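J.: Quick one: this structure, given as structure tokens, is what I'll be asking you about.
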Amino acid sequence: MAKLLVLHGPNLNLLGGREPEHYGADTLDAINARLRALAERAGHDFAALQSNAEHELVAAVQQAGRDGVAFIVLNPAAFTHTSVALRDAMLAIGVPFIEVHLSNVHDREAFRRQSFFSDVAEGVITGLGARGYEYALTEAIRRVDGTQADRTD
Ligand code: DQA
């Protein structure tokens, strides 16, 4: 059993009502419930945290390092484009992660194309809505289970 963590950045607590044309109609609770079911079906330990505060996310990342979390799915939300502190925390713990965005950050304002995480992430999923989290967690499970036989890299 591996520990899997999903981290959601600022304003993602508003999902369901927040700019549904960008972020869809699912609430964060609904997304997390699907992710938990996916992880637990695969026999893994699941935790999810949302915070609007950069320092809380940094603290959660540091704690994940201490707790032996095996893989992180991270939607840094607006901190994607601003947070050296959160990037440094991810680098400090060295836990592999996939960066997820509900919306296609390349099809919006220019400032959203800059990410402090993409170059150090295992991969990036952007624009596939809430399913992006599920794809990312599925890949995380494949990796922690060591079932990477069909990968080409
Ligand atoms: C987001 C994209 C970010 O640019 C934005 O600040 C968010 C959400 C997304 O999931 O599409 O809050 O990360």
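The values are calculated or read from the model by the stated rules, or taken from the named source; none is laboratory data. Computed from a prediction, not measured in an experiment: that's the story for all the values here. Cβ: placed from backbone, ideal geometry, glycine included. Neighbour counts: every protein chain shown.
J.: Just give me the residues in the stretch 108-133 being of a type in the set (D, E, K, R) and either touching a Ser or Thr at 6+ places or on another chain (Cβ under 9 Å) or on the phi > 0 side of the Ramachandran plot (or both), in sequence order.
T.: Within the stretch 108-133, just R112 meets the criteria.
J.: Scan the stretch 2-18 residue by residue and report those that are in contact (Cβ under 8 Å) with a residue 12 or more places away in the chain and away from the ligand (no atom under 13 Å from the Cβ).
T.: A2, K3, L4, L5, G16 - these are the residues of the stretch 2-18 that are in contact (Cβ under 8 Å) with a residue 12 or more places away in the chain and away from the ligand (no atom under 13 Å from the Cβ).
J.: Mind counting the residues in the stretch 32-71 that are part of a helix (DSSP H, G or I), of a type outside the set (K, R) and more than 16 Å from E139 (Cα to Cα)?
T.: Residues in the stretch 32-71 being part of a helix (DSSP H, G or I), of a type outside the set (K, R) and more than 16 Å from E139 (Cα to Cα): 15 in total.
J.: With (1) away from the ligand (no atom under 16 Å from the Cβ); (2) in a helix (DSSP H, G or I) as the list, and E21 as the residue in question, which single condition is left unmet?
T.: (1)
J.: Which one of these is farther than 19 Å from Y133 by Cα, surrounded by fewer than 16 Cβ atoms within 10 Å (Cβ to Cβ) and without any contact (Cβ under 8 Å) to a residue 12 or more places away in the chain: A59, A85? Give the steps one after another, and end with the answer.
T.: Values: A85 fails: without any contact (Cβ under 8 Å) to a residue 12 or more places away in the chain.
That would be A59, the only listed residue that is farther than 19 Å from Y133 by Cα, surrounded by fewer than 16 Cβ atoms within 10 Å (Cβ to Cβ) and without any contact (Cβ under 8 Å) to a residue 12 or more places away in the chain.
J.: Quick one: which residue in V95, V120, V105, V100 is of a type in the set (V, I, T), modelled with pLDDT of 95 or more, within 24 Å of A2 (Cα to Cα) and within 12 Å of the ligand (Cβ to nearest atom)?
T.: On the way: V95 fails: within 12 Å of the ligand (Cβ to nearest atom); V120 fails: within 12 Å of the ligand (Cβ to nearest atom); V105 fails: within 24 Å of A2 (Cα to Cα).
It is V100.
J.: Output the residues belonging to the stretch 1-18 that are under 10 Å from the mean Cα position of the chain (by Cα) and part of a strand (DSSP E or B).
T.: In the first step, residues of the stretch 1-18 are kept if they are under 10 Å from the mean Cα position of the chain (by Cα); the result is 5-9.
Those that are under 10 Å from the mean Cα position of the chain (by Cα) and part of a strand (DSSP E or B): L5, V6, L7, H8.
J.: How many residues are over 17 Å from H101 (Cα atoms) and touching a residue at least 24 places away in the same chain (Cβ under 8 Å) if we restrict to the stretch 23-52? Let's see the steps before the verdict.
T.: From the stretch 23-52, those over 17 Å from H101 (Cα atoms) are 33, 36-47; that's our starting set.
Still in the list and also touching a residue at least 24 places away in the same chain (Cβ under 8 Å): 38-39, 42-47.
Qualifying residue count, the stretch 23-52: 8.
J.: If I filter the stretch 74-89 for residues that are part of a strand (DSSP E or B), at pLDDT 95 or above and in contact with a strand residue (DSSP E or B) (Cβ under 8 Å, 6 or more places away or on another chain), do I get at least one hit? Walk me through how you get there before you give the answer.
T.: Residues of the stretch 74-89 that are part of a strand (DSSP E or B), as a first pass: 74-75.
Adding the requirement that they be at pLDDT 95 or above leaves 74-75.
From what is left, the residues that are in contact with a strand residue (DSSP E or B) (Cβ under 8 Å, 6 or more places away or on another chain) are 74-75.
Yes, because at least one residue in the stretch 74-89 is part of a strand (DSSP E or B), at pLDDT 95 or above and in contact with a strand residue (DSSP E or B) (Cβ under 8 Å, 6 or more places away or on another chain).
J.: Can I ask one more? Of all residues in the stretch 53-84, how many are touching a helix residue (DSSP H, G or I) at 6+ places or on another chain (Cβ under 7 Å) and either more than 16 Å from the ligand (Cβ to nearest atom) or closer than 16 Å to V6 by Cα (or both)?
T.: Just the residues of the stretch 53-84 that are touching a helix residue (DSSP H, G or I) at 6+ places or on another chain (Cβ under 7 Å), to begin with: 54, 57-58, 61-62, 64-65, 70-73, 75-77, 79, 81, 83.
Going one step further and asking which of them are either more than 16 Å from the ligand (Cβ to nearest atom) or closer than 16 Å to V6 by Cα (or both), we end up with 54, 57-58, 61-62, 64-65, 70-73, 75-77, 79.
The total comes to 15.
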